[in-house]
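The values are calculated or read from the model by the stated rules, or taken from the named source; none is laboratory data. All of these numbers come straight from a predicted model, not from anything done at the bench. Here the Cβ is made from the backbone with ideal geometry for all residues, glycine too, and neighbour counts use every protein chain on show.
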Amino acid sequence: MGFQRDTIVTHPQDIDTYGSANVLPNFAKEELLAVAIARLIGDARHVAVGAASPIPAMAVFLLREKNRNRPRVSLLQKRSGNPFTEGSRELFDLAGQGRIDVFFLGGAQIDGEANINLVEAEGKRFPGSFGSAFMYFAAGKTILFREEHSKRVLVKKVDYVSAPGWSPSEVQRHGGPAALLTGKALFLWQKEKRRFRLESVHPDSSAEDVRKSTGFDYDAPADVPATAAPTSEELALIRGPVARVIAENYPGFAQRVWGKAAAA
């Protein structure tokens, strides 16, 4: 699936293609990433998930299973019973009213100042940024998410700023970046320094590998911890009720990760 003009595409298949599940000991990489995102969401009241974003959707539905149907989720990918009758317009209205606490964005390029590029990279043109810049400003916090972790994606400076990671003090801005999660590591955003800090590395990576694979500079502790693995309770929820919801709305993804098809 590529960019769609009537939705905000945060992780377009033109940029990343979900292949076979990347399996780590006892859990898949997708499950690890979903749990990491769930912890970043925390106690948010309302989370919006754009199109082609099955891993962020997993994270939100995991939280809902753990917290008695909280937070509220607005899922643009929802195949049935979708409350958004006019595409993304209603999502923008909610965000503009300050009613979206968490949103997700990705990009063809992301740089060390949390700028994202959704327009053009390596000579390949994409349909454009659509509402990404607005959501970056209006949502309470934005979690940047991109599975590919390479110098091709994580660059020193984006070729085109679709949505800026920070704004001058005189610019009114409700929200901004909170973190960057990739297939190798988790970075937290340092607003005052306008710079990322490496928070953890995933079990199949290392601090040295992350540094070598990142095109921008960032802060890091002397000893970088491993990203916390999913608990047995979390895995049971993900592979049970969460997987059923994901299979309904992202059937190809669910089939690849769990071999699960939506119930008839």
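Residues that are buried (at least 17 other Cβ atoms within 10 Å of the Cβ) and among the acidic types (Asp, Glu) occur at least once in the range 92-110.
Look at (1) under 14 Å from Ile246 (Cα atoms); (2) among the hydrophobic types (A, V, I, L, M, F, W, C); (3) at pLDDT 95 or above and you find that Ala52 fails only one, number (3). If you filter the range 220-237 down to residues that are free of Cβ contacts under 8 Å to residues at least 60 places away in the same chain and of a type in the set (A, V, I, L, M), you find that the one that is surrounded by the fewest Cβ atoms within 10 Å (Cβ to Cβ) is Ala222. Taking the criterion of being free of Cβ contacts under 8 Å to residues at least 60 places away in the same chain and touching a Pro at 6+ places or on another chain (Cβ under 6 Å), the only residue of the range 97-140 that qualifies is Asn115. With respect to (1) modelled with pLDDT of 95 or more; (2) touching an Asp or Glu at 6+ places or on another chain (Cβ under 7 Å), the lone exception for Gly87 is condition (1).
Of the set (1) at positive phi; (2) surrounded by 15 or more Cβ atoms within 10 Å (Cβ to Cβ), all apply to Phe196 but (1).
Yes or no, residue by residue, for (1) of a type in the set (Asp, Glu); (2) touching a Ser or Thr at 6+ places or on another chain (Cβ under 8 Å); (3) more than 28 Å from Pro230 (Cβ to Cβ):
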| site | (1), (2), (3) |
| --- | --- |
| Ala139 | no, no, no |
| Leu180 | no, no, no |
| Glu208 | yes, no, no |
| Ser213 | no, yes, no |
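Being farther than 15 Å from Trp189 by Cβ, in contact with a Gly (Cβ under 7 Å, 6 or more places away or on another chain) and not charged (D, E, K, R) is a property that Leu94 lacks.
Only residues that are charged (D, E, K, R) and in contact (Cβ under 8 Å) with a residue 40 or more places away in the chain: list them for the range 56-71, please. Glu65, Lys66 - these are the residues of the range 56-71 that are charged (D, E, K, R) and in contact (Cβ under 8 Å) with a residue 40 or more places away in the chain. Considering the conditions (1) within 17 Å of Glu148 (Cα to Cα); (2) in contact with a Phe, Trp or Tyr (Cβ under 7 Å, 6 or more places away or on another chain), Ala243 is excluded by exactly one of them, (1). Against the numbered list (1) without any contact (Cβ under 8 Å) to a residue 24 or more places away in the chain; (2) among the small types (Gly, Ala, Ser); (3) surrounded by 13 or more Cβ atoms within 10 Å (Cβ to Cβ), Gly240 comes up short only at (3).
Out of Arg45, Arg64, report the one residue that is surrounded by fewer than 17 Cβ atoms within 10 Å (Cβ to Cβ), out of contact with any helix residue (DSSP H, G or I) (no Cβ under 7 Å at 6 or more places or on another chain) and at pLDDT 95 or above. Let's see the steps before the verdict.
On the way: Arg64 fails: surrounded by fewer than 17 Cβ atoms within 10 Å (Cβ to Cβ).
Checking each option against the conditions leaves just Arg45.
I'd like to check something: does the range 169-186 contain any residue that is hydroxyl-bearing (Ser, Thr, Tyr), at pLDDT below 95 and more than 18 Å from the chain's Cα centre (by Cα)? Give the derivation first.
First, pick out the residues of the range 169-186 that are hydroxyl-bearing (Ser, Thr, Tyr): 169, 182.
Applying the additional criterion that residues be at pLDDT below 95 yields 169.
Remaining after also requiring more than 18 Å from the chain's Cα centre (by Cα): 169.
Yes, that holds for at least one residue.
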